[in-house]
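Input: a single structure, listed below in structure tokens.
What follows draws every value from the coordinates through simple rules; no lab data is involved. Note that this is a predicted model, so its numbers are computed, not measured. For neighbour counting, all protein chains shown are included, and Cβ atoms are generated from backbone atoms with ideal geometry for every residue, glycine included.
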Amino acid sequence: EFPVFGSVCEGHEMLWRIIGSENAMMWIAEEPERLGRQIERVCAYSLELTKAQIKAAAGLLDGMVVWGDVAYKKGMLFSPAYWRKWFKPGVKAIVDLCHEHGLPVIYHGCGNATRIFEDFIEVGVDAYNPLEAKAGMDVIELRRRFGHRIGFCGNMDVLLWATAPLEEVRAAWRCERAQARPASMRAISSAERRRSAAPRTPSSCSAVRRPTIEAVTSGRRRVHAMATSPGVRP
């Protein structure tokens, strides 16, 4: 027996997968309000995907993982104020929907997003993953700072797992296990995915060419229709 979680991307994760990270960052700076209106439509689509998963699972889900990378190892990718205005409402809508169906929510976000942890607590996120060790995330310090208002999953350094001698990995595991008390609302796991060290070629990059924002927003009516029409499944 094991838990089965659904999985959905929140607004920013969905956005950069569509237009590429470079374009997302540039347009937040150049066209913040215009891109914001597109973000609202993307968030609406993500909510419909969540509804569709819950309906299709027919009571078999144990929870939902929300994917949303909004930070790198030194902090947020963009202003927390911009996240709060345009992305936070979409996260809250997904969390509220999941809670209505009795599903806890684990939010997955790489990097150091501690500047918006209070916001995650406010919207009702139940636990945060992966607490990326190489981004300076320390689960003990986070517990002291945020108490038991949110659960934590991860914080084991995946680079240690991949490169250190087995006995060193075992010692780190024993240390982490000793720190994870039953009341600490913590699950031990790796702190991030292990990516290949092979260099990326231009053809493998998500944003080799930079289209104009007009090319993306021209399709917004179709995306909006998919997200709001009751007879259309995402």
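I'd like the Kirkwood hydrodynamic radius of region 1-109, using the inverse of the mean 1/r over distinct C-alpha pairs, in Å.
Final number for the Kirkwood radius of region 1-109 is 14.4 Å.
Tell me which residues come under 5 Å, amide H to amide H, from GLY6 once H is placed; ignore anything under 5 positions away on its chain.
Long-range HN contacts for GLY6: ASP62, GLY63, MET64, VAL65.
Quick one: which residues, 5 or more positions from TYR72 or on another chain, have an amide H under 5 Å from its amide H? H modelled 1.01 Å from N in the peptide plane, none for Pro or chain starts.
For TYR72, whose amide H was placed from the backbone, the distant partners under 5 Å are LEU77, ASN112.
Rounding to the nearest 20 debye, state how big the charge dipole of region 3-110 is about its Cα centre with +1 on each Lys and Arg Cβ and -1 on each Asp and Glu Cβ. Write out the running numbers ahead of the final one.
Numbers: 12 positive and 12 negative charges, 28 e Å.
I would put it at about 140 debye.
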